[in-house]
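K.L.:
Before I ask anything, let me first share the structure, which is written out below as structure tokens.
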Amino acid sequence: MSEDLLVIEAIQEAREAGRKAALATVVRVYGSAYRREGAKMLVDEQENITGMISGGCLEADVAEVAKQVIESGVPALKTYAMDEDVVWGLGLGCPGTVEIYIEPVPDHQPANKKAGNEDASATCF
């Protein structure tokens, strides 16, 4: 199963369980990075994480931001310049810059999806 499908399933499970969640999406990459635009990671209010947005370097910080987004309901755009300091000074990783958009996941499914309208192209989740 693809990672995107796992994230979609995790969103559905969080909704069914009544848990709030935030979705982190890589929206822009400058230079080299482990993941490209579109990579997603879901964090729910119980700190369950599904998906990856980097090679493991950014997930913990993004999860912390996601918790703030869940609490406030306000999306955030974070920029990470990947250099030696970010990857523990070990020369690991890719020396690019990554922008990640972290948004609250609505606690309900959009009406056009509920009605069985699978062609609703304006809605992803």
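K.L.:
Can you work out ³J(HN,Hα) from phi for every residue in the stretch 3-19, in order, using Karplus 6.51 cos²θ - 1.76 cosθ + 1.60 and θ = phi - 60°, giving whole Hz and x for Gly and Pro?
P.N.:
Going residue by residue, I get 4, 4, 5, 4, 5, 4, 4, 5, 4, 4, 5, 4, 4, 4, 8, x, 8 Hz, with x marking Gly and Pro.
K.L.:
Using the Karplus curve 6.51 cos²θ - 1.76 cosθ + 1.60 with θ = phi - 60°, what ³J(HN,Hα) values do you get for each residue of the stretch 39-53, in whole Hz, with x for Gly and Pro?
P.N.:
Residue by residue, the stretch 39-53 yields 4, 10, 9, 9, 10, 9, 5, 9, 6, 6, 10, 10, x, 9, 10 Hz.
K.L.:
To continue, here is another question. Of all the accessible heavy-atom surface of the stretch 6-87, with the other protein chains kept in place and a 1.4 Å probe, what percent is carbon and sulfur? Let's see the in-between values first.
P.N.:
Numbers: 2020 of 4300 Å².
Here carbon and sulfur together make up 47 percent of the probe-accessible area.
K.L.:
Taking the simple approach of a point 7 Å from Cα along Cα-to-Cβ for both Ser72 and Glu3, what is their distance in nm?
P.N.:
2.6
K.L.:
While we're looking at this one, here's another question. Subtract the Cα-Cα distance of Asn48 and Tyr30 from 0.36 nm times their separation in residues, and report this length gain in nm to one decimal. Don't jump to the answer; show the numbers that get you there.
P.N.:
Numbers: separation 18, 0.36 × 18 = 6.48 nm, distance 2.86 nm.
Full-extension gain reported as 3.6 nm.
K.L.:
Let me ask something else. Kindly rank 102-108, 37-43 from highest to lowest mean number of other beta carbons found within 10 Å of each residue. Intermediate results must be reported in sequence, preceding the final value.
P.N.:
Working: 102-108: 16.0, 37-43: 20.6.
The densest-packed peptide leads the list: 37-43, 102-108.
K.L.:
Something else now. Name the long-range amide H neighbours of Tyr34: under 5 Å, sequence gap of 5 or more, or other chain; modelled H, no Pro or chain starts.
P.N.:
Distant-sequence amide H within range of Tyr34: Gly55, Cys94.
K.L.:
Net charge around Ala17, counting only other residues with Cβ within less than 15 Å of its Cβ (Lys, Arg = +1; Asp, Glu = -1)? Intermediate values should be presented prior to the final figure.
P.N.:
Values: positive: Arg15, Arg19, Lys20; negative: Glu9, Glu13, Glu16, Asp44, Glu45, Glu47, Asp107.
Taking every Cβ under 15 Å from that of Ala17, the sum is -4.
K.L.:
A further question follows. If we sort 13-26, 66-79 on the protection proxy, mean other Cβ atoms within 10 Å, highest first, what's the order?
P.N.:
Numbers: 13-26: 18.6, 66-79: 14.7.
Highest mean packing first, the order is 13-26, 66-79.
The values are calculated or read from the model by the stated rules, or taken from the named source; none is laboratory data. Bear in mind the structure is a predicted one, so any value in this text is a computation, not a measurement. Positions of Cβ are generated from backbone atoms using ideal geometry, with glycine treated the same way; all protein chains shown enter the neighbour counts. The protein model used for the area step is the full one, side chains on, heavy atoms only, and it has no ligands, DNA or RNA in it. Shrake-Rupley method; radii C 1.70, N 1.55, O 1.52, S 1.80 Å.
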